[in-house]
Every structure is written in C-alpha cells, then in structure tokens.
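Student: Following this message is one structure expressed as structure tokens.
What follows is calculated from the coordinates using simple rules that are stated; it is not laboratory data. All of these numbers come straight from a predicted model, not from anything done at the bench. Cβ coordinates were reconstructed from backbone atoms using ideal geometry, including for glycine residues, and neighbour counts include every protein chain displayed.
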Amino acid sequence: MKRALGISVITAAVLFLVGFISGNHDLFGKIAVGIGVFFLLVSGLTSGLFVSGRQMQANFHTESKADRAGRRNMMFISSIIMIPHFICGYFLLIL
C-alpha cells in the first residue's frame, strides 16, 4: 500500500507541476479528476457498492477468505490512488 501511495503522489505531483508550468490548468485538472473517478469506480466495484444487499450476502458466503482479503486489498489500494489525484485536480481547477 505504501508503494501505491508513493506512485499516486508522484503522478499527481507531476500532473500538478506540468499543469502549473504549462499554464493549462483546466486540461491537467480534468485529467487528474478523470484518473480519480476511474479509481473511485474501481474501488466501488471491488467493495460491492453497486450491488444489492442480497447479492452482497451471497457473494460473502460463496467466496473464500483469501478472495475476500484480495478484494478488500484492491479496494483499499484503489482508494489510496484516488485521493491524491482528486486533491491535485481540485487545486488545478480552482487556479
């Protein structure tokens, strides 16, 4: 998870610097927010946000503990990647 956080902070910082230096804040802000939205959807899909309670209960009983841990790990990693990109996009879009 630390590696994912480091990579996401670096990519968000690169987007911010390129957007700030080039003067094209809108484009790079929208790119950063787009990356954030993509990882928000990945996090939502892996957490079971978009399914009903009955479907979530059925999934819980049919998957193994290792599968559940892997799904939860993917949800946390995509959430960690999402946050710096949203912050970068927010600051670029308000400039």
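Student: Tell me, what ³J(HN,Hα) does each residue in region 45-53 have, in order and in whole Hz, if you take phi through Karplus 6.51 cos²θ - 1.76 cosθ + 1.60 with θ = phi - 60° and put x for Gly and Pro?
Tutor: Couplings: 5, 6, 8, x, 5, 9, 10, 6, x Hz.
Student: Report the extension gain between residue 60 and residue 45 in nm, rounded to one decimal, defined as 0.36 nm multiplied by the number of residues separating them, less their alpha carbon distance.
Tutor: Gain on extension, residue 60 to residue 45, equals 4.0 nm.
Student: Can you give the local net charge around residue 65? Use residues other than it whose beta-carbon is closer than 13 angstrom to its beta-carbon, Lys and Arg +1, Asp and Glu -1.
Tutor: Result for the neighbourhood of residue 65: +1.
Student: Any idea what the relative contact order of the chain is, in percent, if you count C-alpha pairs under 8 Å spaced at least 6 apart?
Tutor: Answer for the chain is 52 percent.
Student: Show me, for region 14-19, the HN-Hα J-couplings you get by feeding each phi into the Karplus relation (A = 6.51, B = -1.76, C = 1.60, θ = phi - 60°), rounded to Hz, glycine and proline as x.
Tutor: 5, 4, 5, 5, 5, x
Student: Taking H as built 1.01 Å from N, whose amide H comes closer than 5 Å to the amide H of residue 63, not counting residues under 5 places away?
Tutor: Sorted by chain and number, the residues that satisfy this come to none at all.
Student: Find out how many positive minus negative residues lie around residue 47, taking Lys and Arg as positive, Asp and Glu as negative, among other residues whose Cβ is under 15 Å from that of residue 47.
Tutor: Result for the local shell: +1.
Student: For region 77-91, what does the Karplus curve 6.51 cos²θ - 1.76 cosθ + 1.60, with θ = phi - 60°, yield as ³J(HN,Hα) per residue in whole Hz, taken in order and with x for Gly and Pro?
Tutor: With the stated coefficients, region 77-91 comes to 5, 5, 5, 5, 5, 5, 4, x, 6, 5, 5, 4, x, 4, 5 Hz.
Student: Something else now. Go ahead and estimate [θ] at 222 nm for the chain from helices alone: -39,500 (n - 2.57) per DSSP H run with n ≥ 4, summed, over the residue count, rounded to 500.
Tutor: It comes out at -30500 deg cm²/dmol, rounded to the nearest 500.
Student: Continuing with the same structure: Calculate the dipole size of region 2-94 relative to its Cα centre from +1 charges on Lys and Arg beta carbons and -1 charges on Asp and Glu beta carbons; express the result in debye to the nearest 20.
Tutor: Here region 2-94 has a charge dipole of around 340 debye.
Student: Between residue 21 and residue 71, what is the FRET efficiency for a Förster distance of 30 Å, r being their Cβ-Cβ separation, to the nearest 0.05?
Tutor: Efficiency for this residue pair is about 0.15.
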